[in-house]
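Worksheet: the structure to be examined is printed underneath.
The values are calculated or read from the model by the stated rules, or taken from the named source; none is laboratory data. Because the structure is a prediction, the values reported are computed rather than measured. Cβ placement follows ideal geometry from the backbone for every residue including glycine, while neighbour counts extend to all protein chains displayed.
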């Protein structure tokens with residue numbers, strides 16, 4: 001049976017949030033992650049921070065274990 005769009009979205013966002021957690025756990029500072037994303041995307045730091053904060057909030061609200 002296929003997964004719904006919502007299920008796929010939850011899985012993918014959870015993977016992204018977990019990857020960001022891992023990078024910070026191995027010592028990569030959040031500021032460096034933000035600067036790297038800014039360099040690659042040319043988005044403002046404010047927008048990047050908003051997305052990273054939203055991912056954290058999503059992870060807390062969903063409480064789905066990473067696959």
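If a residue must be surrounded by 15 or more Cβ atoms within 10 Å (Cβ to Cβ) and closer than 26 Å to residue 6 by Cβ, how many such residues does region 24-42 contain? Adding up the residues that qualify gives 1. Every test in (1) in a loop (DSSP other than H, G, I, E, B); (2) at pLDDT 90 or above is passed by residue 66 save one, and that test is (2).
Residue pairs whose Cβ atoms lie under 6 Å apart, separated by 6 or more positions or on different chains, with the first residue in region 16-32 and within 16 Å of residue 58 (Cα to Cα) and the second part of a loop (DSSP other than H, G, I, E, B), are 18/66. None of 56, 3, 39 is in a helix (DSSP H, G or I) and modelled with pLDDT under 95 except 56.
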